[in-house]
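Bear in mind that the values in this text are calculations on the coordinates, not laboratory data. This is a predicted model, so every value here is computed, not measured. Here the Cβ positions follow ideal geometry from the backbone for every residue, glycine too, while neighbour counts run over all protein chains shown.
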Amino acid sequence: MNQPTSSDLIRSARERFNLAIAEKDSKRIRLLLASTYHLITGRSDQFHGAKEEENRWAELFQSDPTAVYRRTPREITTNETWGIAEELGNWQGMYTVNGTPINALGVYAAKWQRTRNGEWVLQAEVFTTLTYEGPCSPPDPI
């Protein structure tokens with residue numbers, strides 16, 4: 001039996017993340033994040049820390065039970081020696097704002113790092129919104 005590759009393990013971790021979102025389980029999401037995790041959302045908001053991210057998901061699941069996001073990897077590139085990897089993919093989000101459904105989609109880049117016990121965790125994710133349907137405001141200018 002072949003051992004799973006790092007790419008296989010990262011794809012599996014991504015699917016566990018997608019499942020945790022679908023099942024509204026913010027605690028399982030946190031397990032997939034490095035403690036210093038950093039996020040730039042599709043609207044360019046920035047957040048830092050695994051605990052903050054767990055709280056953000058928990059609040060979202062509470063305030064909008066319709067919210068669901070799915071990330072689909074296109075490409076995973078690994079540096080086995082250093083235990084780091086890049087994931088590039090497409091994402092789709094469906095949620096509600098003031099009772100109006102929103103459907104947004106775009107692309108993302110994620111950086112993974114292997115832990116001492118061989119698990120892969122997310123260090124950072126950057127999402128870019130490419131299209132959306134519904135009332136969604138653009139990011140604030142910088």
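Would you calculate a helix-derived [θ] at 222 nm for the chain, using -39,500 (n - 2.57) for each DSSP H run of n ≥ 4 and dividing by the full residue count, to the nearest 500? When only DSSP H runs of four or more count, the value is -8000 deg cm²/dmol. Overall, the ratio between the Cα radius of gyration of the chain and 2.2 N^0.38 Å, rounded to two decimals, is 1.06. Each residue of the range 118-133 was assigned a 3J(HN,Hα) from its phi angle through the Karplus curve 6.51 cos²θ - 1.76 cosθ + 1.60 (θ = phi - 60°); the sequence is x, 7, 9, 10, 7, 8, 7, 9, 10, 10, 10, 7, 9, 9, 8, 10 Hz, with glycine and proline shown as x. Seen against the Cα atoms of the chain and their longest principal axis, helix 6-22 is set at about 30 degrees. Rounded to the nearest Hz, the phi-derived 3J(HN,Hα) couplings of the range 67-82 under the Karplus curve 6.51 cos²θ - 1.76 cosθ + 1.60 (θ = phi - 60°) are 5, 8, 10, 9, 10, 10, x, 9, 8, 10, 10, 10, 10, 4, 4, 8, where x marks glycine and proline.
Roughly how tilted is helix 50-63, in degrees to the nearest 10 and between 0 and 90, from the longest Cα axis of the chain? Here the helix axis deviates by roughly 40 degrees. For the pair the range 38-75 and the range 77-142, the centres of their Cα atoms are 8 angstrom apart. Shown is the FRET efficiency for Cys136 and Glu86, computed with R0 = 35 Å from the Cβ-Cβ distance and rounded to the nearest 0.05: 0.80. Whole-Hz Karplus values for the range 91-96 come out as 10, 9, x, 10, 7, 10 Hz, taken residue by residue from phi with 6.51 cos²θ - 1.76 cosθ + 1.60 and θ = phi - 60°; glycine and proline positions read x.
The aspartates and glutamates whose alpha-carbon is closer than 13 Å to the alpha-carbon of Lys27, local same-chain residues fewer than 8 away aside, are Glu52, Glu53, Glu54, Glu59.
Pairs of Cα atoms nearer than 8 Å and 6+ residues apart set the relative contact order; for the range 6-133 it is 24 percent. Could you tell me which residue out of Tyr37, Leu60, Leu105 lies farthest along the dipole of the chain toward its positive end? Charges go on the beta carbon: Lys and Arg +1, Asp and Glu -1, centred on the Cα centre. So the residue furthest toward the plus end is Tyr37.
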